[in-house]
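Here the structure is laid out as structure tokens; the discussion comes afterwards.
The values are calculated or read from the model by the stated rules, or taken from the named source; none is laboratory data. Since this is a predicted model, take the numbers as computed values, not measurements. Heads up, the Cβs are rebuilt from the backbone with ideal geometry, glycines too, and the neighbour counts pull from every protein chain shown. Just the protein is used for accessible areas: all its heavy atoms, side chains included, with ligands, DNA and RNA removed. Shrake-Rupley method; radii C 1.70, N 1.55, O 1.52, S 1.80 Å.
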Amino acid sequence: MDRDQRYLYELYNVFYDGSQWHAGSGAFFDLNVNGRRPDTWTSADAAGLAILPGLVRYDEFAGAAEITHAFRVTVRATNGYVYPASHRAGSTTGALPMGARLRLKASRDISGFTPGVQRVFRAMQRYGLIVADNGSDMYISGTYDTRWDNGVLNPAFRALTANDFEVIQLGYQPAAPSRPTNLRIIGGL
């Protein structure tokens, strides 16, 4: 992340072979504009989305403030893609498309969990999840941090089932830019 320029660079399958670094693919995101990758382009995520903005950060989990963004989620299989995703990585009949939006149901009682887990679950109820890649079913990712306690996280996430979620949107198409009303059209096509 280049904070000065507001550029995000993400790599997939990075490794060092003893003499040089390699990556399976890479993606660049200009955070100064609200755009997406071109149709059919992947990124370090199969859906073509940026990974970093969809991760849970430990400081969000442990802090006092509410988490105010959606999380990336993986599912076992996918079928096509919908906006904002730009790439498909599966064609399993009946599976969700990349880019689908899910939300933890508001009716799911989360009061029995630790405050950090409750913050994560409230964000899942308010901002939801975006299907970003194939992998373990309903897997939410966090940033690398040695302070994460899987003894707390694993039982909490195992307590949720797919029935605790609802599909809120299978993608959307942003509104087309409106045509300025103060233009005078001269001639026609």
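All conditions but one from (1) surrounded by fewer than 13 Cβ atoms within 10 Å (Cβ to Cβ); (2) more than 23 Å from E166 (Cβ to Cβ); (3) out of contact with any strand residue (DSSP E or B) (no Cβ under 7 Å at 6 or more places or on another chain) apply to A106; the one that does not is (2).
Open to solvent by less than 60 Å² (accessible area, probe 1.4 Å), of a type in the set (S, T, N, Q) and touching a residue at least 60 places away in the same chain (Cβ under 8 Å): is that true of T74 in this structure?
Details: open to solvent by less than 60 Å² (accessible area, probe 1.4 Å): yes; of a type in the set (S, T, N, Q): yes; touching a residue at least 60 places away in the same chain (Cβ under 8 Å): yes.
Criteria met by T74.
Just to verify a result, which residue in segment 15-27, among those that are over 16 Å from the mean Cα position of the chain (by Cα) and surrounded by 12 or more Cβ atoms within 10 Å (Cβ to Cβ), is farthest from A50 (Cα to Cα)? Of everything passing the filter in segment 15-27, A23 is farthest from A50 (Cα to Cα).
Quick one: which of G94, G116, G99 is surrounded by 19 or more Cβ atoms within 10 Å (Cβ to Cβ) and at positive phi? Working first, answer last.
Working: G94 fails: surrounded by 19 or more Cβ atoms within 10 Å (Cβ to Cβ); G116 fails: at positive phi.
Exactly one residue qualifies, and that residue is G99.
Within segment 99-114, if we keep just the residues that are of a type outside the set (K, R) and in contact with a helix residue (DSSP H, G or I) (Cβ under 7 Å, 6 or more places away or on another chain), the residue that is nearest to H69 (Cα to Cα) turns out to be L104. Look at Y127 and say whether it is modelled with pLDDT under 95, closer than 30 Å to A62 by Cβ and open to solvent by 40 Å² or more (accessible area, probe 1.4 Å). It is false that Y127 is modelled with pLDDT under 95, closer than 30 Å to A62 by Cβ and open to solvent by 40 Å² or more (accessible area, probe 1.4 Å). Any residue in segment 43-54 that is within 28 Å of S91 (Cα to Cα) and loosely packed, with under 11 Cβ neighbours inside 10 Å? No.
Here's the yes/no breakdown for (1) basic (K, R); (2) over 17 Å from V56 (Cβ atoms); (3) at pLDDT 70 or above:
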{"residue": "D149", "(1), (2), (3)": "no, no, yes"}
{"residue": "V152", "(1), (2), (3)": "no, no, yes"}
{"residue": "F157", "(1), (2), (3)": "no, no, yes"}
{"residue": "T161", "(1), (2), (3)": "no, yes, yes"}
{"residue": "I168", "(1), (2), (3)": "no, yes, yes"}
{"residue": "P174", "(1), (2), (3)": "no, yes, no"}
{"residue": "P177", "(1), (2), (3)": "no, yes, no"}
{"residue": "N182", "(1), (2), (3)": "no, yes, no"}
{"residue": "G188", "(1), (2), (3)": "no, yes, no"}
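Scanning segment 62-71 for residues that are without any contact (Cβ under 8 Å) to a residue 60 or more places away in the chain, open to solvent by less than 60 Å² (accessible area, probe 1.4 Å) and within 16 Å of the chain's Cα centre (by Cα) yields one hit, H69.
Looking for something open to solvent by 60 Å² or more (accessible area, probe 1.4 Å) and either within 16 Å of the chain's Cα centre (by Cα) or among the small types (G, A, S) (or both) - is there at least one such residue anywhere in segment 1-9? Taking every residue of segment 1-9 in turn, at least one turns out to be open to solvent by 60 Å² or more (accessible area, probe 1.4 Å) and either within 16 Å of the chain's Cα centre (by Cα) or among the small types (G, A, S) (or both).
When the residues of segment 1-45 are filtered to those that are under 23 Å from S86 (Cα atoms) and among the basic types (K, R), the one that is modelled with the lowest pLDDT is R36.
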